[in-house]
Amino acid sequence: MSQTTLTLGTRGSPLALAQARMTAAALEQAHGWPAGSVALAVVKTSGDRIQDRPLADIGGKALWTKELDLALLAGETHASVHSMKDVESDRPDTLRIAAMLPRADVRDRLIGAGSVADLPQGAVVGSSSPRRAAQLRRLRPDLNVVPIRGNVDTRLAKRETGDVDATLLAAAGLDRLGRGDVGNAIPLDQMLPAPAQAAIGIECRSDDAATAALLQPIDHSDTHAAVLAERAFTLALGGSCHSPVAALAVIDAGAVDLRVELLSEDGAEHLTQRARFTVGDLDGPAALGRHMLADAPPSIRRLFEGG
């Protein structure tokens, strides 16, 4: 493969493009290629086109990946760059996540108040994430959480115009857009992140050994191992975009330290667990997911059954 013809498929949002450029730069640096050797192919996804409804109502996370997958499988691109939290846990056998960049700040940021406790009584908070909505309602049952879609600037604008009093965004996304001064980070003991939040994954065709070999030098092994553990836990739950679930794995002393949370929609009921696993053990996190679901009250279990 010529080093001038490696093409990365990406969505066209400002954040997706920033992440694709980060990936291209990492590849060029790793291989000593001139700047611009890695090309970007912008693919319009259904998730980008449909902005007026929550993802869970129109097909879930596959709306972010379907068109990128088709371009990749058709040979129009060599690899796709994904925000891993937007990639469904069950992926086609024809594709493989070959690399992940070092993970960024995993926390959520609150825009509109210094902390969740500082939000006014009955404040309107914009979020289409069932996880964030449930966690907010658990912390503050008085809050009015309403759906909000769009890219980072769109969501920030809705707060500026008063459509909502506050909103939440991933710290990693804001940082990658050069907006690290926006909002206030919410402590992890208040809001555990979405599985795979802040991780950038690069996916290629399973039978494309040449591209996989080119991607290998930029793979951050600790991030990859942690995210795979979170995704194994999530996959075992079943569920859908309607299912409030949080997970964070950290590689610590050669083991995977995994913290997880399942919540009811209103946040009134929740289960948390923390466990350690051997790096590379995906059966353990999967078993943890199944056991938690079996122990969950009906208000939580029904959100995952048949997902």
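Some points to look at:
- Considering ALA56, ALA62, the condition of being at pLDDT below 95 and closer than 24 Å to SER206 by Cβ is satisfied by ALA62 alone.
- Boolean, ALA229 is small (Gly, Ala, Ser) and not assigned by TED's automatic domain parsing to the domain that holds ARG91: yes
- Matching option when the condition is modelled with pLDDT under 95 and farther than 26 Å from LEU68 by Cα, among GLY180, GLY239, GLY284: GLY180
- Listed by position, the strands (runs of 3 or more DSSP E) inside segment 183-281 whose residues that are surrounded by fewer than 17 Cβ atoms within 10 Å (Cβ to Cβ) and of a type in the set (Val, Ile, Thr) number at least 2 are 245-252, 270-278.
- Among (1) among the hydrophobic types (A, V, I, L, M, F, W, C); (2) at pLDDT below 95; (3) not in a loop (DSSP other than H, G, I, E, B), the one test that MET1 misses: (3)
- Verdict on GLY289 being modelled with pLDDT under 95, closer than 20 Å to VAL87 by Cα and either of a type in the set (D, E, K, R) or outside the structural domain of SER83 (by TED's automatic domain parsing) (or both): no
- Filtered residue count, segment 62-94, keeping only those that are surrounded by fewer than 20 Cβ atoms within 10 Å (Cβ to Cβ) and outside any helix (DSSP H, G or I): 10
- Each residue in segment 137-165 was checked for being more than 23 Å from the chain's Cα centre (by Cα), assigned to a helix (DSSP H, G or I) and among the small types (Gly, Ala, Ser), and 0 of them qualify.
- Number of the exception - GLU203 against (1) closer than 20 Å to GLN29 by Cα; (2) outside the structural domain of ALA20 (by TED's automatic domain parsing): (2)
- Scope segment 132-151; condition free of Cβ contacts under 8 Å to residues at least 40 places away in the same chain and among the aliphatic types (A, V, I, L, M); matching residues: LEU143, VAL145, VAL146, ILE148
- Residue identified as under 18 Å from ALA20 (Cα atoms), of a type in the set (Gly, Ala, Ser) and not assigned by TED's automatic domain parsing to the domain that holds PHE277 among GLY178, GLY162: GLY178
Rundown of residues vs (1) under 14 Å from PRO297 (Cβ atoms); (2) without any contact (Cβ under 8 Å) to a residue 60 or more places away in the chain, yes/no style:
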| position | (1), (2) |
| --- | --- |
| HIS242 | no, no |
| ALA253 | no, yes |
| ASP266 | yes, no |
| LEU271 | yes, yes |
| ASP281 | no, yes |
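- Any hit, segment 123-145, residues being among the polar types (S, T, N, Q) and closer than 30 Å to GLU28 by Cβ: no
- Checking each residue in segment 95-127 for being aliphatic (A, V, I, L, M), under 17 Å from the mean Cα position of the chain (by Cα) and part of a loop (DSSP other than H, G, I, E, B) picks out LEU101, ALA104, VAL106.
The values are calculated or read from the model by the stated rules, or taken from the named source; none is laboratory data. Values in this document were obtained by computation on a predicted structure and should not be read as measured data. As a convention, Cβ positions derive from the backbone with ideal geometry for all residues, glycine included, and neighbour counts pool all protein chains shown.
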